[in-house]
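The structure is given below, and queries will be raised subsequently.
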Amino acid sequence: MMAEEFFAVGKSFPRKDSLEKAIGDGLFGADIRMPRMLVGKILRNPYAHARILRVHTEKAERLPGVKSVLTAKNTTTRPFNSAVYQEQLENQRIFDDEVRFVGDAVAGVVAVNEEVAEVALGLIEVEYKPLPAVFDPVESMRPGAPRVHSTPDNNIAAHLDFGWGDIDAGFKEADYVFEDTFSTSGQKHCQLEPDACIARYGLDGQLSVWTPTQEPHITRFKLARLFDLRESQVRIINPLIGGGFGARNALSIEPWCVAMALKVKGRPVRLQYTREEDFVTRVNRFPMIYNLKIGVKKSGSLVAMRADVVADAGAYATHVPGVVALSGSFLLSRYKCQNTKFLADVVYTNKQPAGAFRGYGNPQATFGLEVMMDRVAEQLGVDPVEIRLNNHLGVGDIGLFQIPFSSVGIDECLKKGAEAIGWKEKMSRTNVQLTHRRGVGVAISTHGSGGWPAILEHTASLITINPDGSANLILGSTDMGQGCWTSLSQIAAEELGIRFEDIIVIRPDTSVSLYDSGSHASRQVYVAGTAVKIAAANAKRQLLERASKVLSVSVNDLEAKNGEIYIKNAPEKSVAIRQLAADSIVKMGACGQIIGRSSYEPKSNAPSWQATFAEVEVDIETGQVKVVKLVVAHDIGRAINPAIVEGQIQGAALQGIGYTLTEDLLLTKDGKIPNPNFTDYKIPSTLEVPDIEVILVESNDPTGPFGAKGVGEQGLVNVAPAIANAIYSAIGKRFKELPITPETILRVLKDQVIQ
Amino acid sequence: MQTHRTSPTTFTVNGRTIRVEIEPHKTLLDVLRDDLDLTGTKCGCETGECGACTVLLDGKAVLSCLTLAVTTDGKNIVTIEGLSEGEALHPLQSAFIEHGAIQCGYCTPGMILSANSLLNDNPNPTPEEIKKALSGNLCRCTGYQKIIEAVEDAAKRIRRM
């Protein structure tokens, strides 16, 4: 079916929540005001690793205005894992008698206002016994390295070993073997809103939490487990959310805020992090060292692929082994190859914990693999576009988590992208004599729409028809800015046959919303979208049955569109949905309110594909890299809302440019982050925006709602190798470490001159 | 509880003259959000690096997190809540909505007010001038392209008004 046949799908409607955001009316966590609200603050530790001998809280407790002081002595020390699912490895604690990174929580204060809380923190005296610390994951695995936790004694949180075929035979069969080591940095999410959470534990035993979590239902489960409550006692409400990107995956600030609320029953407590707290204590992208080895035949086909990975988990297990396991899956589910091996150690160090971040292990895998594919192409004398066209997996091939691909639009992405950047002409350009040298590069990737069958994928959806013919779409789906409330409304409108404007989104609140696994893994449109479509079809069926009585025709002869149900062959005969809806609620003797429902688990993960083409200009005197143009061609399946899809891809691409060129959390010798602010940790501003051209390829996936697949993450995934390959084409140097800074470029160019 | 000496300060906020007792260490951001409940002005860093707290002070964009509230005595302040007139949106607000320039929306109030300050001085800016004027307002969602397009479009609409 062509997009023109739809009336709600495929249109760039304004977002459901953009008016309130444009006028300053919408409430984010920190904007919520409540009567008798108290504020919380956390005391943080200055050592990379230390034992806490004693915490003296008496002076702080005596300060007027202080309501409670929390330590490991009076707060649950039950271990938890903040990440979505992953209950098998729990070693985070609200407060502990050992601190494992600079900024780890030591104590908390609840007070009448921020100032009092701040003063109270200063009155808490802590006796520490500093312990040896380790920051480098490779060093951390060596015998005799300081232990981050009492177990395991080698600091290895998880070891992964998977693949297929015979890897040794594969390399024997190869005509060429390529091997390289790549390393990637610990990028920060830098969502513009620092974490802010409000929790209130009522005297009736009901805990309410207003939090920017990306997974309200899983957060409810995790908080109930941590505080020994029944899930029905816990209510999670999403205010507006100032960005997520994985930072708000399941638990973030909530355990501390809830612990505080439990100390002052009946009164709401607001806990808000500063930007520095966000930088220093919250999760970052897993840094990984990727040793990659590929065996290739003269014909250009891949016969062996092996990765040996060391991943830096930081001080605690969050997404262990999730991010690293998926990194391997993304690595091996792109090109045809009969013999593969993925070996990884996920290692603790005395640094802030790593976690989920847009791409979930895919950017780390893709950086190495796509730079290496460029080397392979060069060695074989094949065009880099060609080698990708020849080797990528196709429809029916086994893909992510052993599920066959249901749609693969990467050929179209590569061809249209190459055309748009002027690939052929720019690849043959020579510019060695210039100080500003231009080059172009390409990279591809594929990313799942949801995580089935590796993880639970469940969305239940509820649609109720109001007496005026509008519909309440009751969502458990978090919108952290990605726009799913709007896209899901379009799916509901299209299926129900009512106008987009008549869909009213009831926002995530676990006391009302049915179960949803949450906003991660680019899953909302693909999984929740299907759940919404089924619920809408269920409600529509009930409307059609009523209409068939009014119009005296069979249900099969009817169609719904724009709020009217009409006879297919005689469209002038119709009845308004408004009338049917009113009858269903208030017509005596005819009541039967229309409620559409679904409870849905997908049977596929419909990966989307992306080709990114970068054109860069390298200043060989300063080492500065300017991204002149990016062309991002994305096989989206179907764009439910093209403007939203473009916005996702543009935003992700710029985040990818930051990952490639500027963003890096630094570390001092004693384990402190010296750049916990936007001046020293440089995310792209308007001045770094290149011309980004987005090309949407609609492969119309047979398993997605109206053919749609996920789009949230992949925009970022292959930007780094596309730029790295473009830099190579400009100056003939390969960079294997992220970020690629002017200093590293100058160092490499200088070495060349000396030689 | 601690108490501080306060200074009476009178300023105009969104067209209303307001007199408040202000503690000398309080920032304009604190006063707007905590004393006047104008929570449309956002706090992203408190160190003047992200631009989320931008408001207009006598028509110019300033960072309210770096502005001591007592220094605004006698001045005219416009926050995002005061930009629209009644129910009619400011052209920047309409353009941001229509161009998909808003994702999470946390940077939006500051971004719109910085753009407003630019358009007050330069009703017909080039994309490069828009980028320069908005370079102190960070956005982590959009990649800025739709924001720049929205400002260009709003400038057109204002010029036609």
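I need a count of the residues in region B:4-55 that are more than 30 Å from residue A:680 (Cβ to Cβ) and either touching a residue at least 12 places away in the same chain (Cβ under 8 Å) or outside the structural domain of residue B:67 (by TED's automatic domain parsing) (or both). I'd like the intermediate steps shown before the answer.
Of all residues in region B:4-55, those more than 30 Å from residue A:680 (Cβ to Cβ) come to B:4-23, B:35-38.
Those left that are additionally either touching a residue at least 12 places away in the same chain (Cβ under 8 Å) or outside the structural domain of residue B:67 (by TED's automatic domain parsing) (or both): B:4-15, B:18, B:20-23, B:35-36, B:38.
Matching residues across region B:4-55 total 20.
Mind counting the residues in region A:642-673 that are in a loop (DSSP other than H, G, I, E, B) and in contact (Cβ under 8 Å) with a residue 40 or more places away in the chain?
So in region A:642-673, the residues in a loop (DSSP other than H, G, I, E, B) come out as A:662-673.
Narrowing the set further to residues that are in contact (Cβ under 8 Å) with a residue 40 or more places away in the chain leaves A:662-665, A:667, A:670-673.
Final tally of qualifying residues: 9.
Here is a further query. Considering each of A:407, A:470, A:445 in turn, give the residue that is among the polar types (S, T, N, Q), closer than 30 Å to residue A:623 by Cβ and in contact with an Asp or Glu (Cβ under 9 Å, 6 or more places away or on another chain).
Answer to the check: A:445.
Filter region B:40-79 down to the residues that are out of contact with any strand residue (DSSP E or B) (no Cβ under 8 Å at 6 or more places or on another chain) and either away from chain A (no Cβ under 14 Å) or of a type in the set (Ser, Thr, Tyr) (or both), then identify the one that is farthest from residue B:9 (Cα to Cα).
Checked region B:40-79; the qualifying residue farthest from residue B:9 (Cα to Cα) is B:47.
Continuing with the same structure: Of all strands (runs of 3 or more DSSP E) completely enclosed by region A:436-488, which ones contain at least 3 residues that are in contact (Cβ under 8 Å) with a residue 60 or more places away in the chain? First the steps, then the outcome.
Values: elements: A:436-447, A:459-465, A:471-474.
Passing ranges, in order: A:436-447, A:459-465.
Then there is this: Return yes or no: is residue B:17 surrounded by fewer than 14 Cβ atoms within 10 Å (Cβ to Cβ), more than 13 Å from every other protein chain (Cβ to nearest Cβ), farther than 25 Å from residue A:190 by Cβ and of a type outside the set (D, E, K, R)? Walk me through it before giving the result.
Details: surrounded by fewer than 14 Cβ atoms within 10 Å (Cβ to Cβ): yes; more than 13 Å from every other protein chain (Cβ to nearest Cβ): yes; farther than 25 Å from residue A:190 by Cβ: yes; of a type outside the set (D, E, K, R): yes.
Against the criterion (surrounded by fewer than 14 Cβ atoms within 10 Å (Cβ to Cβ), more than 13 Å from every other protein chain (Cβ to nearest Cβ), farther than 25 Å from residue A:190 by Cβ and of a type outside the set (D, E, K, R)), residue B:17 qualifies.
Suppose the filter is of a type in the set (Gly, Ala, Ser), outside any helix (DSSP H, G or I), within 12 Å of another protein chain (Cβ to nearest Cβ) and buried (at least 21 other Cβ atoms within 10 Å of the Cβ); does residue B:143 pass it?
Spelling it out, residue B:143 is indeed of a type in the set (Gly, Ala, Ser), outside any helix (DSSP H, G or I), within 12 Å of another protein chain (Cβ to nearest Cβ) and buried (at least 21 other Cβ atoms within 10 Å of the Cβ).
What number goes with the only condition from (1) more than 14 Å from chain B (Cβ to nearest Cβ); (2) in contact (Cβ under 8 Å) with a residue 12 or more places away in the chain; (3) more than 20 Å from residue A:423 (Cβ to Cβ) that residue A:684 does not pass?
Only one criterion in (1) more than 14 Å from chain B (Cβ to nearest Cβ); (2) in contact (Cβ under 8 Å) with a residue 12 or more places away in the chain; (3) more than 20 Å from residue A:423 (Cβ to Cβ) is unmet by residue A:684, namely (1).
Could you please find all residues in region A:654-709 being out of contact with any strand residue (DSSP E or B) (no Cβ under 6 Å at 6 or more places or on another chain), among the acidic types (Asp, Glu) and modelled with pLDDT of 95 or more?
A:663, A:670, A:680, A:688, A:698, A:701
In this structure, does residue A:87 turn out to be closer than 25 Å to residue A:237 by Cα and assigned by TED's automatic domain parsing to the domain that holds residue A:228?
yes
Is there any pair linking a residue in region A:353-379 that is closer than 30 Å to residue A:49 by Cα to one that is of a type in the set (Lys, Arg) and at pLDDT 95 or above, with Cβ under 6 Å and at least six apart or on different chains, and which?
What qualifies is A:357/A:285.
Please determine, by comparing only the residues of region A:18-38 that are surrounded by fewer than 23 Cβ atoms within 10 Å (Cβ to Cβ) and farther than 23 Å from residue B:79 by Cβ, which one is nearest to the other protein chains (Cβ to nearest Cβ).
Within region A:18-38, the match that is nearest to the other protein chains (Cβ to nearest Cβ) is A:35.
Can you give me the number of residues within region A:123-140 that are touching a helix residue (DSSP H, G or I) at 6+ places or on another chain (Cβ under 8 Å) and either assigned to a helix (DSSP H, G or I) or surrounded by fewer than 13 Cβ atoms within 10 Å (Cβ to Cβ) (or both)? Even if it seems obvious, please write down each step before you answer.
Restricting attention to region A:123-140, the residues satisfying the condition of being touching a helix residue (DSSP H, G or I) at 6+ places or on another chain (Cβ under 8 Å) are A:123-125, A:134.
Filter once more, so that each one left must be either assigned to a helix (DSSP H, G or I) or surrounded by fewer than 13 Cβ atoms within 10 Å (Cβ to Cβ) (or both): A:123, A:125.
So the count comes out to 2.
Output the residue which, of all residues in region B:92-135 that are closer than 18 Å to residue B:81 by Cα and small (Gly, Ala, Ser), is farthest from the other protein chains (Cβ to nearest Cβ).
B:117
Something else about it: Look at region A:174-215 and say how many of its residues are touching a strand residue (DSSP E or B) at 6+ places or on another chain (Cβ under 8 Å) and farther than 18 Å from residue A:355 by Cβ.
21
Which numbered condition in (1) more than 30 Å from residue A:652 (Cβ to Cβ); (2) not assigned by TED's automatic domain parsing to the domain that holds residue A:709 is the only one that residue A:621 fails?
Looking at each condition in turn, residue A:621 falls short on (2).
Can I ask one more? Residue check: is residue A:340 touching a residue at least 40 places away in the same chain (Cβ under 8 Å) and either in contact with a helix residue (DSSP H, G or I) (Cβ under 8 Å, 6 or more places away or on another chain) or within 30 Å of residue A:411 (Cβ to Cβ) (or both)?
Details: touching a residue at least 40 places away in the same chain (Cβ under 8 Å): yes; either in contact with a helix residue (DSSP H, G or I) (Cβ under 8 Å, 6 or more places away or on another chain) or within 30 Å of residue A:411 (Cβ to Cβ) (or both): yes.
For residue A:340, the condition - touching a residue at least 40 places away in the same chain (Cβ under 8 Å) and either in contact with a helix residue (DSSP H, G or I) (Cβ under 8 Å, 6 or more places away or on another chain) or within 30 Å of residue A:411 (Cβ to Cβ) (or both) - is met.
Residues in region A:247-267: is at least one within 14 Å of chain B (Cβ to nearest Cβ), under 21 Å from residue A:655 (Cβ atoms) and either in contact with a Ser or Thr (Cβ under 6 Å, 6 or more places away or on another chain) or not in a strand (DSSP E or B) (or both)? If you could, list the steps in order and put the result at the bottom.
Within region A:247-267, the subset within 14 Å of chain B (Cβ to nearest Cβ) is A:247-248.
Cutting the leftovers down to under 21 Å from residue A:655 (Cβ atoms) gives us A:247-248.
Now restrict to residues that are either in contact with a Ser or Thr (Cβ under 6 Å, 6 or more places away or on another chain) or not in a strand (DSSP E or B) (or both): A:247-248.
Yes: region A:247-267 contains one or more residues that are within 14 Å of chain B (Cβ to nearest Cβ), under 21 Å from residue A:655 (Cβ atoms) and either in contact with a Ser or Thr (Cβ under 6 Å, 6 or more places away or on another chain) or not in a strand (DSSP E or B) (or both).
Now a separate question. Starting from region A:316-327, keep only residues that are touching a residue at least 24 places away in the same chain (Cβ under 8 Å), then list their pairs with residues that are part of a helix (DSSP H, G or I) and surrounded by 24 or more Cβ atoms within 10 Å (Cβ to Cβ) whose Cβ atoms are within a distance under 8 Å, requiring at least 6 positions of separation or different chains.
Going by the 8 Å Cβ cut-off, the qualifying pairs are A:326/A:362; A:327/A:362; A:327/A:364; A:327/A:365.
Still on this structure, I have one more. So which residues in region A:271-290 are part of a strand (DSSP E or B) and among the aliphatic types (A, V, I, L, M), if there are any at all? Step through it out loud before you land on a result.
Pass one, region A:271-290, residues part of a strand (DSSP E or B): A:271-272, A:284-285, A:288-290.
Across region A:271-290, the qualifying residues are A:271, A:288, A:289.
Separate question: Filtering region A:107-121 down to residues that are farther than 13 Å from residue A:269 by Cβ and not acidic (Asp, Glu), which residue is farthest from the other protein chains (Cβ to nearest Cβ)? It would help to see each step written out before you state the result.
Initially, region A:107-121 is screened for residues farther than 13 Å from residue A:269 by Cβ, giving A:107, A:115-116, A:118-121.
Then keep just the ones that are not acidic (Asp, Glu); that gives A:107, A:116, A:119-121.
Details: A:107: 20, A:116: 6, A:119: 7, A:120: 11, A:121: 14 Å.
Among residues in region A:107-121 that are farther than 13 Å from residue A:269 by Cβ and not acidic (Asp, Glu), the one farthest from the other protein chains (Cβ to nearest Cβ) is A:107.
Now, a different point. Looking at (1) buried (at least 22 other Cβ atoms within 10 Å of the Cβ); (2) within 11 Å of chain B (Cβ to nearest Cβ); (3) farther than 15 Å from residue A:500 by Cα, which is the one condition that is false for residue A:15?
Failing condition for residue A:15: (3).
I would also like to ask the following. Within region A:570-603, track down each residue that is of a type in the set (Val, Ile, Thr) and touching a Pro at 6+ places or on another chain (Cβ under 6 Å). Give the steps one after another, and end with the answer.
Going residue by residue through region A:570-603, those that are of a type in the set (Val, Ile, Thr) are A:575, A:577, A:585-586, A:594-595.
Passing the criteria: only A:585.
While we're on this one: Suppose we filter region A:679-711 for residues that are of a type in the set (Asp, Glu) and not in a loop (DSSP other than H, G, I, E, B); how many remain? Working first, answer last.
Step one: filter region A:679-711 for residues of a type in the set (Asp, Glu), giving A:680, A:688, A:691, A:693, A:698, A:701.
Narrowing the set further to residues that are not in a loop (DSSP other than H, G, I, E, B) leaves A:688, A:691, A:693.
So the answer is 3.
Condition check: away from chain B (no Cβ under 14 Å) and either assigned to a loop (DSSP other than H, G, I, E, B) or out of contact with any Phe, Trp or Tyr (no Cβ under 6 Å at 6 or more places or on another chain) (or both). Does residue A:676 satisfy that? Talk me through it step by step, then tell me what you get.
On the way: away from chain B (no Cβ under 14 Å): no; either assigned to a loop (DSSP other than H, G, I, E, B) or out of contact with any Phe, Trp or Tyr (no Cβ under 6 Å at 6 or more places or on another chain) (or both): yes.
No: the conditions fail for residue A:676.
The values are calculated or read from the model by the stated rules, or taken from the named source; none is laboratory data. Note that the structure is predicted; figures quoted are calculated from it, not measured. Here the Cβ is made from the backbone with ideal geometry for all residues, glycine too, and neighbour counts use every protein chain on show.
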